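Okay, so here's the structure we're looking at.
The values are calculated or read from the model by the stated rules, or taken from the named source; none is laboratory data. Note that the structure is predicted; figures quoted are calculated from it, not measured. Note that each Cβ is placed from the backbone with ideal geometry, even for glycine, and that neighbours are counted across all protein chains shown. Accessible surface areas use protein heavy atoms only, side chains included; no ligands, DNA or RNA. Shrake-Rupley method; radii C 1.70, N 1.55, O 1.52, S 1.80 Å.
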Amino acid sequence: YFKKFQYCSSAPHVRSCKPNTDGISSFEHLLANIILRVFVWVIACVTCLGNLLVICMRSLVAAENSQHAMAIKSLCCADGLMGIYLFVIGAFDLKYSGEYNKHAQGWMGSLQCQLLGSLAMLSSEVSVLLLTYMTLEKYFSIVFPFSHHRAGRRQTVSVLAAIWLLGFSLSLVPLWCKESFGNYYGRNGVCFPLQSDLGERPSARGYSTTIYLGLNLAAFITIVFAYTGMFYSIRVTASRTAPRSVCSREVAIAKRFFFIVITDALCWIPIFLLKLLSLLQVEIPGTVTSWVVIFILPINSALNPILYTITTAPFQEQL
């Protein structure tokens, strides 16, 4: 009996070694569950193809607002990285198929796992920051249409570059400061730092808390309040003009706003709860973490192209 199932690789001739899984991985597979092993490829394909399609379409079809199109393409690049992350996880699951536990310790301590974890962190953080920026830009243009100064090309490029720079910094800090963070990304087989445990260093725990319950939670609350304010402003304007003629448009906008907010909520609320419970030293099964990383974390990455491009009326008319 060991504290972690990976230690069983130190006793290969023992007939029965416990625990035989951490909920994420098993003796045989990096992804213990057959559903996860299949859907990691499905979600990776959907995410990569959807975002690649939108980048190509946005490049071929002329947009009225080139700055907004630039932000959308940047968002697709960030979301596409999540698809690449899932592809690599699936590839290493196949590579170690049938004998994962022999390689578990080496894999979680490897440079590939560290870089893969930082790639997933880069994707999720840049995506969150870009969504927040685009939401605020849309909020000010709708709620304050006459007083709001629209960002020019140079200003948009500067903001996008700053967001990517911040994303790279957030994802690479744990790799630069090994003494303070330890094996920050290699605490599980999927190389993503969601759970806290007693062996985690205080600086690493504080860092992940700042990102998930600080930066990301603030971004999520900002997005929810901004979309609520936009919908209220549109409704007030509609009631003052021609309620009957704009009723259907208002309903369509409401539906779109609802789906944007609900997908953000579906993605981030479970992650916030998981991180909070983890900090409170509540024991979280590894199975939960694996399902969150494979199914819940990529929700935004897979659906953002649909919500921000394919379903919009101007884009459909141009097509």
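Tabulated data for the structure shown
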item	result
Residue 45 paired with residue 237, simple spin-label distance in nm, labels 7 Å along Cα-to-beta-carbon	4.2 nm
Which of 231, 167, 204, positive extreme of dipole for segment 28-310 (C-beta unit charges)	231
Helix 243-279 axis, angle to the chain major axis (alpha carbon atoms, nearest 10°)	20 degrees
Label-point separation in nm, residue 295 to residue 209, each point 7 Å along Cα→Cβ	3.0 nm
Sequence of 8, 56 when ordered by accessible area, the most exposed leading, probe 1.4 angstrom	56, 8
Computed lengthening from residue 162 to residue 18, 0.36 nm per intervening residue step minus Cα-Cα distance	47.1 nm
Residues with amide H under 5 Å from that of residue 2, placed H, sequence gap 5 or more	18
Protein accessible area in the chain, 1.4 Å probe - carbon and sulfur %	68 percent
Cα gyration tensor shape for segment 28-310, rounded if a/c is under 1.5, else prolate or oblate	prolate
Segment 47-196 shape via C-alpha gyration tensor axes, a/c threshold 1.5	prolate
Segment 40-166 - percent relative contact order, Cα under 8 Å, separation 6 or more	31 percent
Neighbour net charge for residue 80 - beta-carbon separation under 15 angstrom, K R +1, D E -1	0
Residue-averaged [θ]222 nm for the chain, counting only DSSP H segments that reach four residues, each worth -39500 (n - 2.57)	-23000 deg cm²/dmol
Inter-probe distance in nm under a simple model that places probes 7 Å from Cα toward Cβ, at residue 147 and residue 172	4.0 nm
Most to least accessible of 187, 150, 240 (protein chains only, probe 1.4 Å)	240, 150, 187
Too-long pairs where the Cα-Cα distance tops 24 Å, listed order kept, from 178/275; 102/275; 4/102; 3/102; 4/275	102/275
Dipole magnitude of the chain, debye to nearest 20 (Cβ charges: Lys/Arg +1, Asp/Glu -1, about Cα centre)	360 debye
Ranked order, 99, 179, 283 - accessible area, probe 1.4 Å, largest first	283, 179, 99
Under 12 Å, Cβ to Cβ, from residue 18 - net charge with Lys/Arg +1 and Asp/Glu -1	+2
Angle between the chain longest axis and helix 66-95 axis [Cα atoms, degrees, rounded to 10]	20 degrees
